[in-house]
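*Asks:* Sharing a structure below in structure tokens format, with a few things to ask.
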Amino acid sequence: MTQETAPTPDVLREAQERARELIRCGFQEPDEIAESLVEVLDDQGLTEEEAERIVAPLWRERLAEQATWPEVTDVDRLADAFDALEDQGIVAAMDFTCCAGCGYAEIGGEAEADSSGFVFFHQQDTESAAAGRGLMLRYGVFHSEGEPVEVSERRTAGIGRTVVAALEAVGLPAEWDGSPRTAIRVAPLEWLNRLPE
């Protein structure tokens, strides 16, 4: 079967840049990254084989870079903070769903019976952090039926304070105004996330 359109040099450059971004995020396997490239660029002639050829050398390059990283990175510290929050009954999800709307809609599915609240960042947040713009954390409580808004907001602010304390305990800076309606910003943050084994 002949391919109708071969990807132009511009399309290949775009695919390479997108692959670099996703590798920098550090959460996806090479085949997932290739699949993501094809989803976005197949109408411009990018095949799965070409996507895999683009990803492979960039993956090796990132693995080589990792060898020079400090033993503990900011992302390791973030993972430690999220583990500590899990131990306190707060659902803590990294790189969770594509966007905030989906994250808020789906985080309840991660809750245990005794979960008091949640914190997460989504894939767009990850990309922003990997690009050096800091990381936004979204948090909240699982609502009890008939709970007054003031009570819910007070409990949400309590989750926010717990998240900030967990970040500070591992040495990460947290910017938050104390409002239950404001996301917590972690910045400055050097995004060095080791690739999946």
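Since every read-out is calculated from the coordinates, none of them should be taken as a lab result. If you're wondering where the values come from, they're calculated on a predicted model, not measured in any experiment. Neighbour counts are summed over all protein chains in view; Cβ atoms, including those assigned to glycine, are modelled from backbone coordinates with ideal geometry.
*Asks:* Translational D (Stokes-Einstein, µm²/s) of the chain at 10 °C and 1.306 mPa s when Rh comes from the Kirkwood sum over C-alpha pairs?
*Replies:* Values: Rh = 18.4 Å.
After rounding, the answer is 86 µm²/s.
*Asks:* For the chain, what proportion of DSSP beta bridges, expressed in % and rounded to the nearest 5, is antiparallel? Could you put the intermediate results ahead of the total?
*Replies:* Working: 9 of 13 bridges.
Percentage antiparallel, nearest 5: 70.
*Asks:* Evaluate E = 1/(1 + (r/R0)^6) for Glu190 and Glu145, where r is the Cβ-Cβ distance and R0 equals 35 Å; express this FRET efficiency to the nearest 0.05. Can you show the working numbers first?
*Replies:* On the way: r = 43 Å, r/R0 = 1.22.
The pair Glu190/Glu145 has a calculated efficiency of 0.25.
*Asks:* Kindly put Ser179, Ser116 in sequence by how many other C-beta atoms sit within 10 Å of each C-beta, fewest to most.
*Replies:* Details: Ser179 11, Ser116 16.
By the 10 Å Cβ count, ascending, the order reads Ser179, Ser116.
*Asks:* Find how many whole Å separate the alpha carbon centroid of region 158-192 from the alpha carbon centroid of region 73-115.
*Replies:* Using only Cα atoms to place each centre, the spacing works out to 13 Å.
*Asks:* Debye calculation, C-alpha points only, no solvent: report log10 I(q)/I(0) for region 74-186 at q = 0.09, 0.15, 0.22, 0.23 Å⁻¹, in the same order as the q values.
*Replies:* At q = 0.09, 0.15, 0.22, 0.23 Å⁻¹ the computed log10 ratios are -0.21, -0.59, -1.32, -1.45.
*Asks:* What full-extension length gain, to one decimal in nm, is calculated for Thr68 and Asp87 as 0.36 nm per residue of separation minus the Cα-Cα distance? Each step should come with its number before you reach the end.
*Replies:* On the way: separation 19, 0.36 × 19 = 6.84 nm, distance 3.15 nm.
Extending this stretch completely gives an extra 3.7 nm.
*Asks:* Calculate the translational D of region 9-66 in whole µm² s⁻¹ from Stokes-Einstein, where the hydrodynamic radius comes from the Kirkwood formula applied to all Cα pairs, the temperature is 4 °C and the viscosity 1.567 mPa s.
*Replies:* Working: Rh = 11.1 Å.
Rounded, D is 117 µm²/s.
*Asks:* Further question: Contact order normalised by length for the chain, with contacts defined as Cα pairs under 8 Å and 6 or more residues apart; what percent is it? Mind dumping the intermediate values first?
*Replies:* Numbers: 282 pairs, mean separation 46.0, N = 197.
It rounds to 23 percent for the chain.
*Asks:* Let me ask something else. For Ile159, what charge total do you get from the other residues with a beta carbon under 12 Å from its beta carbon, if Lys and Arg give +1 and Asp and Glu give -1? All intermediate terms of the calculation are to be shown ahead of the outcome.
*Replies:* Details: positive: Arg138, Arg154, Arg155, Arg161; negative: Glu153.
Summing Lys/Arg as +1 and Asp/Glu as -1 gives +3.
*Asks:* With the crude spin-label approximation of a point 7 Å out along Cα→Cβ, what separation in nm comes out for Ala183 versus Glu21?
*Replies:* Going from the Ala183 label point to the Glu21 one covers 1.5 nm.
*Asks:* Can you tell which of Val75, Val11, Val149 shows the greatest fluctuation in a Gaussian network model of the chain with Cα springs below 10 Å?
*Replies:* With Cα springs under 10 Å in the chain, the top fluctuation among Val75, Val11, Val149 is at Val149.
*Asks:* Fully extended, how many nm does the chain gain between Ala79 and Ala131 (0.36 nm per residue separation, minus their Cα-Cα distance)?
*Replies:* Stretched fully, the Ala79-Ala131 segment lengthens by 16.9 nm.
*Asks:* Nothing charged except the Cβ atoms of Lys and Arg (+1) and of Asp and Glu (-1): what's the magnitude of the dipole of region 74-186 about its Cα centre? Round to the nearest 20 debye.
*Replies:* The dipole magnitude comes to about 420 debye.
*Asks:* Something else about it: Sort Trp59, Trp69 so the one with the fewest other Cβ atoms within 10 Å of its own Cβ comes first.
*Replies:* On the way: Trp59 18, Trp69 14.
With the fewest neighbours first, Trp59, Trp69 line up as Trp69, Trp59.
*Asks:* Hey, another quick one. Using Cα springs under 10 Å in a Gaussian network model of the chain, which residue among Leu41, Leu135, Leu85 shows the largest mean-square fluctuation?
*Replies:* Looking only at Leu41, Leu135, Leu85, the largest GNM fluctuation is found for Leu41.
*Asks:* Order by neighbour count: Leu46, Leu192, fewest other Cβ atoms within 10 Å first, most last. Present the calculation step by step, with values, prior to reporting the outcome.
*Replies:* On the way: Leu46 23, Leu192 18.
Neighbour counts put them in this order, fewest first: Leu192, Leu46.
*Asks:* If you bin every alpha carbon distance in region 1-116 into 10 Å steps from zero, what whole percent lands in each bin?
*Replies:* With a bin width of 10 Å, the distribution comes to 12, 30, 28, 21, 8, 1.
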